[in-house]
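**Student:** Quick one: the structure is below, and I'll ask about it shortly.
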Amino acid sequence: MIPPRRAWLLCVLLFFSAALCFLDRQVLSVLAPRITEEFGLNNTAYSRIVFAFVCAYTLMLALGGRVMDALGSRRGLTLAVGFWSLASAAHALVTGPWSLGAARFLLGLGEGPAIPAAIKGAVEWMDGKRRGLAVGLVTSGAALGSTLAPPLTAWAAGRFGWRGAFLGTAVLGTVWLVAWQLAFRGLPATAARNTGAAARPRWSELLAQPDVLRLLAARFCFDPVFYFYMFWIPQYLARERGMSVAQIGALMWIPFVALEIANIGAGHVSDLLAARGWPRPRARMMLMLIAALLTPASFAASLADTPGLAIALMAVLMFAHGIWITNFMTLVGETVAPAEVATTVGLTGFCGGVAGMLSNLVIGPTVDARGFGPVFLASAVVYPLAWLILRVGRASPASSHA
């Protein structure tokens, strides 16, 4: 076992790995108005480039989650962050849509295993009393990366050009890798792993569990919303609201601050409810219901009179998503055995990624033909649907071992 103080240090680094993961992928979305104009791309062409990333990311969520359970978070994240940092640097060399799509595909291959590995580390290294907070901390890293991406990218592109912005993310990845290796100094090689290769789960065994199937179906429903917010909102603000890259960078961080606050706060609140006697699955599900009831704000954002009000309503959606995803990931960790966490997180991400791929192929033509309204409307209803999927049959014995 890892000493508690060192475990928290490692969780902080897991937080920053998630931040880098989401910062790196957001750079393109922030720069999309400029890059699509330079390369002469319409929304349909841009959707195919997004598809390349989501396709690779989705494949590696499933395959990479299994690899992370085999390698452990220490070695697995070293490989993942190193690979995706090189892929980020490759974006600086692109010359058109095909090379840009190839760079996005490589980035997705590297980033796919990262979140399963980070969740695995948080679940394994923390006891049950602090697990929700630890998972909330790690998932809030995604919010931090998404928060920093718009202003940092706008600043870097203004100072070094859009190619320089991509190179900067590779430098940040290298710094993280050095810190990650130093954090394990003085620990035995096996200290950060509670599971061994012999305990690796089989997909068939996981897919035979009804609770796991519900988790997969729920994520298929709600993940497209977050993909939409990551990759399309700057395009929406530029084309529908008339905002420049600088203006987007100045305001687009606000929804992701709301996401970060919710990530950490929701994990802590669910831990408090569990400490007061609530069954852990019930505590997670209650907070997820509250989140689901807030998500219709997304559709209201498309009807807002001003860009400022639209962004404020988007912040409500992201706040709700923060509550939702922290408790969803904790629920995953408490539904399966520790040796199965990364694989199960990866499988849920795979289902969400498949939905993200399909939705992105639909979003581009839909936006070109009808605007963003139908997409915002869809994003307002999928979380309540996902909650119902999770709730039906949740009282089964399989759900009680959390």
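**Student:** Can you pull out every residue in segment 288-332 that is assigned to a helix (DSSP H, G or I), more than 19 Å from the chain's Cα centre (by Cα) and either over 24 Å from PRO150 (Cβ atoms) or of a type outside the set (A, V, I, L, M) (or both)? Before you say what the answer is, go through the steps one by one.
**Tutor:** Our first condition is that a residue be assigned to a helix (DSSP H, G or I); within segment 288-332, this holds for 288-294, 297-303, 307-332.
Filter once more, keeping what is more than 19 Å from the chain's Cα centre (by Cα): 289-290, 293-294, 297, 299-303, 307-313.
Scanning segment 288-332 gives LEU289, ILE290, LEU293, PHE299, SER302, PRO307, GLY308.
**Student:** Mind listing just one residue for me: the one in segment 117-176 that is of a type in the set (Ser, Thr, Tyr) and modelled with pLDDT under 85 and, of those, nearest to ARG280 (Cα to Cα)?
**Tutor:** Within segment 117-176, the subset of a type in the set (Ser, Thr, Tyr) is 139-140, 146-147, 153, 169, 174.
Then drop every residue that is not modelled with pLDDT under 85, which leaves 139-140, 146-147.
Working: THR139: 18, SER140: 20, SER146: 29, THR147: 30 Å.
Going through the qualifying residues, I end up with THR139.
**Student:** Return the total of residues in segment 83-108 being crowded, with 23+ Cβ neighbours inside 10 Å and touching a Phe, Trp or Tyr at 6+ places or on another chain (Cβ under 7 Å).
**Tutor:** Final tally of qualifying residues: 5.
**Student:** In segment 39-69, what count of residues is obtained for those that are touching a Phe, Trp or Tyr at 6+ places or on another chain (Cβ under 6 Å) and small (Gly, Ala, Ser)?
**Tutor:** As a first pass, look at segment 39-69 and keep what is touching a Phe, Trp or Tyr at 6+ places or on another chain (Cβ under 6 Å): 50, 52, 56, 58, 61-62.
When the remaining residues are screened for being small (Gly, Ala, Ser), the result is 52, 56, 62.
Result for segment 39-69: 3.
**Student:** Are any residues in segment 234-261 assigned to a helix (DSSP H, G or I), within 17 Å of ALA304 (Cβ to Cβ), modelled with pLDDT of 85 or more and in contact with a Phe, Trp or Tyr (Cβ under 9 Å, 6 or more places away or on another chain), and if so, which ones?
**Tutor:** Correct list: TYR236, PRO255, ALA258.
**Student:** Among the candidates PHE328, PHE299, which residue alone is modelled with pLDDT of 90 or more and surrounded by 20 or more Cβ atoms within 10 Å (Cβ to Cβ)? Give the steps one after another, and end with the answer.
**Tutor:** Values: PHE299 fails: surrounded by 20 or more Cβ atoms within 10 Å (Cβ to Cβ).
Among PHE328, PHE299, only PHE328 is modelled with pLDDT of 90 or more and surrounded by 20 or more Cβ atoms within 10 Å (Cβ to Cβ).
**Student:** So, in segment 262-287, exactly how many residues are small (Gly, Ala, Ser), part of a helix (DSSP H, G or I) and free of Cβ contacts under 8 Å to residues at least 12 places away in the same chain? Spell out how you get there, then give the answer.
**Tutor:** Here is the first cut: in segment 262-287, the ones small (Gly, Ala, Ser) are 262, 265-267, 270, 274-275, 277, 283.
Right, trim to part of a helix (DSSP H, G or I) and you get 262, 265-267, 270, 274-275, 283.
Add one more test, that the residue is free of Cβ contacts under 8 Å to residues at least 12 places away in the same chain, and what stays is none.
Qualifying residue count, segment 262-287: 0.
**Student:** Would you check which residues across segment 56-65 are surrounded by 21 or more Cβ atoms within 10 Å (Cβ to Cβ), at pLDDT below 90 and farther than 13 Å from MET230 by Cβ and list them?
**Tutor:** Once the filter is applied, which keeps residues that are surrounded by 21 or more Cβ atoms within 10 Å (Cβ to Cβ), at pLDDT below 90 and farther than 13 Å from MET230 by Cβ, segment 56-65 yields THR58, MET60, LEU61, ALA62, GLY64, GLY65.
**Student:** Follow-up question, since we're still on this one. If a residue must be among the acidic types (Asp, Glu) and closer than 21 Å to LEU361 by Cβ, how many such residues does segment 203-231 contain?
**Tutor:** 1
**Student:** If I ask for residues that are aliphatic (A, V, I, L, M), at pLDDT 60 or above and part of a loop (DSSP other than H, G, I, E, B), which ones from segment 182-210 would you list?
**Tutor:** Here is the first cut: in segment 182-210, the residues aliphatic (A, V, I, L, M) are 182-183, 187, 189, 191-192, 197-199, 206-208.
Next, from what is left, pick out any that are at pLDDT 60 or above: 182-183, 187, 189, 206-208.
Within segment 182-210, LEU187, ALA189, ALA208 qualify.
**Student:** Output the qualifying pairs, or none if there are none: Cβ atoms under 7 angstrom, residues six or more apart or on different chains, first residue in segment 327-341 and farther than 18 Å from LEU71 by Cα, second residue of a type in the set (Ser, Thr, Tyr) and surrounded by fewer than 24 Cβ atoms within 10 Å (Cβ to Cβ).
**Tutor:** THR335/SER399
**Student:** Regarding TRP387, is this residue at negative phi, of a type outside the set (S, T, N, Q), in a helix (DSSP H, G or I) and within 16 Å of the chain's Cα centre (by Cα)? Lay out the reasoning, then the answer.
**Tutor:** On the way: at negative phi: yes; of a type outside the set (S, T, N, Q): yes; in a helix (DSSP H, G or I): yes; within 16 Å of the chain's Cα centre (by Cα): no.
So TRP387 does not fit the description; no.
**Student:** Let me ask something else about it. Between ALA355, ALA342, ALA320, which is out of contact with any Leu (no Cβ under 8 Å at 6 or more places or on another chain), more than 15 Å from ASP271 (Cα to Cα) and at pLDDT 85 or above? Walk me through it before giving the result.
**Tutor:** Working: ALA342 fails: at pLDDT 85 or above; ALA320 fails: out of contact with any Leu (no Cβ under 8 Å at 6 or more places or on another chain).
After applying the criteria, what remains is ALA355.
**Student:** So is ALA339 assigned to a helix (DSSP H, G or I), on the phi < 0 side of the Ramachandran plot and either touching a strand residue (DSSP E or B) at 6+ places or on another chain (Cβ under 7 Å) or surrounded by fewer than 24 Cβ atoms within 10 Å (Cβ to Cβ) (or both) or not? If you could, list the steps in order and put the result at the bottom.
**Tutor:** Working: assigned to a helix (DSSP H, G or I): yes; on the phi < 0 side of the Ramachandran plot: yes; either touching a strand residue (DSSP E or B) at 6+ places or on another chain (Cβ under 7 Å) or surrounded by fewer than 24 Cβ atoms within 10 Å (Cβ to Cβ) (or both): yes.
Yes: the conditions hold for ALA339.
**Student:** Right, here's the next one. State whether one or more residues within segment 337-351 are within 17 Å of the chain's Cα centre (by Cα), under 16 Å from ARG214 (Cα atoms) and among the aromatic types (Phe, Trp, Tyr). Please lay out each step first, then the result.
**Tutor:** First, the residues of segment 337-351 that are within 17 Å of the chain's Cα centre (by Cα): 341-351.
Next cut, under 16 Å from ARG214 (Cα atoms) only: 341, 343-351.
Next, only the ones that are among the aromatic types (Phe, Trp, Tyr) stay: 350.
Checked segment 337-351: at least one residue is within 17 Å of the chain's Cα centre (by Cα), under 16 Å from ARG214 (Cα atoms) and among the aromatic types (Phe, Trp, Tyr).
**Student:** Out of everything in segment 250-291 that is more than 30 Å from LEU31 (Cβ to Cβ) and of a type in the set (Val, Ile, Thr), what residue ends up being surrounded by the fewest Cβ atoms within 10 Å (Cβ to Cβ)? First the steps, then the outcome.
**Tutor:** Here is the first cut: in segment 250-291, the residues more than 30 Å from LEU31 (Cβ to Cβ) are 265-291.
Narrowing further to those that are of a type in the set (Val, Ile, Thr): 269, 290.
Working: VAL269: 21, ILE290: 15.
Residue satisfying both the conditions and the ranking: ILE290.
The values are calculated or read from the model by the stated rules, or taken from the named source; none is laboratory data. If you're wondering where the values come from, they're calculated on a predicted model, not measured in any experiment. Cβ coordinates were reconstructed from backbone atoms using ideal geometry, including for glycine residues, and neighbour counts include every protein chain displayed.
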